[in-house]
Amino acid sequence: MSSYSIGILVGSLRKQSLNRKLANALIALAPDSLKLEIVEIGQLPHCNADDEASPPQVIGDFKRRIESLDGILFVTPEYNRGIPGFLKNAIDIASRPYGKNSWSGKPTGVVSVSPGALGAFGANHQLRQSFVFLDMPAMQQPEAYIGNAASIFDDRGRISSEPTRAFVVQYLNSFAQWVAKHASTNAA
Ligand code: FNR
C-alpha cells in the first residue's frame, strides 16, 4: 500500500490551542496510508512581493517543504468569520512568485474547529475560496465543522467524545482515498 506525506497547517499559535489538539488527534488516528505532520507557519515573515527576487531562506525552506508533500490538511479556527491572518499569510507566501505556486495540484481538506456552536463554518469556506486560484483539489465530503470543541478532549488532549472520534476516523479514511486518487493523477 502506498504511503502519503501530508502536512497539517494549524491556524492557531496558542499553546493550549484546540485546533492543535485536533491536529494531534488527526495524527494519532490516521490510517497507515497517511503520514501526517504539522508544518509550522508562525515563523514566516509577512508576505511582501518585494522579497520575491531574493527571498529569505525561511521562505524558500517553507516552499520546498510544501512541494515535498503529497497533500495538505488545514485545521483552523475562525477569526471574525474568516481565517486567521497568519494562516492566509502562509498561503500567500508559498503561492509566489507568480507561476511558482507551491500549492498547485496538492489535494487538500479543511477541518475547522471552534468552541462555538457553528464550528468555524465561515473560516472553512473562506479557505475554499482560495483553493480555486491555488489550483488545489479540495475534498468536498465529508465536511468537517468541529463545534463546541472545548468539551471534546480529555486532559491528555485525546478526543473523549466518541461520536467526534468516530467522525474524525471516517474523515481521515475519506481523505486517504482523496489523496490516493489525486496522487495517481499527479503521477500520470
Ligand atoms: C475568535 N473566536 C471566534 N470564534 C468563532 O467561532 N467565530 C469567530 O468569528 C471568532 N472570532 C475570533 C476573533 C479573534 C481575534 C479571536 C482571538 C478569537 C474564538 C476562537 O474560536 C477561539 O479563541 C478558539 O479557541 C481559537 O482556536 P484555538 O486557538 O483554540 O485553536
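A Gaussian network model of the chain, with springs between Cα atoms under 10 Å, assigns the largest mean-square fluctuation among ALA30, ALA150, ALA138 to ALA150. The average projected area of segment 49-117, computed from the convex hull of its Cα atoms over all directions, is 5.6 nm².
Expressed to the nearest 5 percent, the antiparallel share of DSSP beta bridges inside the chain is 10 percent. When you filter the trypsin sites (Lys or Arg not before Pro) in segment 82-162 for DSSP loop state and at most 16 other Cβ atoms inside 10 Å of their Cβ, you are left with LYS100, ARG156, ARG158.
Each other residue within a Cβ distance under 11 Å of TYR171 adds +1 if Lys or Arg and -1 if Asp or Glu, for a net charge of 0. Loop-located GluC sites (Glu not before Pro) in segment 50-91 (DSSP state not H, G, I, E or B) with no more than 14 neighbouring Cβ atoms inside 10 Å: GLU52. Would you list which aspartates and glutamates come within 13 Å of LYS100, measuring only between C-alpha atoms, while excluding same-chain residues fewer than 8 positions from it? Output for LYS100: GLU52, GLU67, ASP92, ASP135. Find how many whole Å separate the alpha carbon centroid of segment 14-31 from the alpha carbon centroid of segment 80-111. Segment 80-111 and segment 14-31 have Cα centres separated by 20 Å. Note on segment 1-94: Rg/Rh from Cα positions, Kirkwood definition for Rh, rounded to two decimals, is 1.00.
Net charge dipole, the chain: roughly 180 debye, given to the nearest 20, about the Cα centre with Cβ charges of +1 for Lys and Arg and -1 for Asp and Glu.
Out of VAL132, VAL39, VAL113, any idea which swings most in a Gaussian network model of the chain, alpha carbons joined below 10 Å? Greatest mean-square fluctuation among the candidates belongs to VAL132. The per residue volume of the convex hull around the alpha-carbon atoms of segment 4-187 is 111 Å³. From its DSSP helices (H runs of at least four residues, each -39,500 (n - 2.57)), the chain gives a residue-normalised ellipticity at 222 nm of -12500 deg cm²/dmol. Subtracting the Cα-Cα distance of ASN148 and LYS15 from their residue separation scaled by 0.36 nm leaves 46.0 nm.
Couplings 3J(HN,Hα) for segment 173-182, derived from phi with the Karplus relation 6.51 cos²θ - 1.76 cosθ + 1.60 (θ = phi - 60°), are 5, 5, 5, 4, 5, 5, 5, 4, 4, 7 Hz, where x marks Gly and Pro. As a length-normalised measure over Cα pairs under 8 Å and 6 or more apart, the relative contact order of the chain settles at 24 percent. Placing +1 on the Cβ of every Lys and Arg and -1 on the Cβ of every Asp and Glu, with nothing else charged, gives segment 7-66 a dipole about its Cα centre of roughly 360 debye.
Across segment 1-80, the mean sequence separation of Cα contacts (distance under 8 Å, 6 or more residues apart), normalised by length, yields a relative contact order of 52 percent. The convex hull drawn around the Cα atoms of segment 113-188, when projected onto a plane and averaged over every direction, covers 6.0 nm². Bridgeable lysines around LYS35 (alpha carbons under 20 Å apart, same-chain partners fewer than 8 residues away excluded): LYS21, LYS63, LYS106, LYS181.
Every number in this text was worked out from the coordinates using simple rules, so none of it is lab data. All values derive from a computational prediction rather than experimental measurement. Neighbour counts are summed over all protein chains in view; Cβ atoms, including those assigned to glycine, are modelled from backbone coordinates with ideal geometry.
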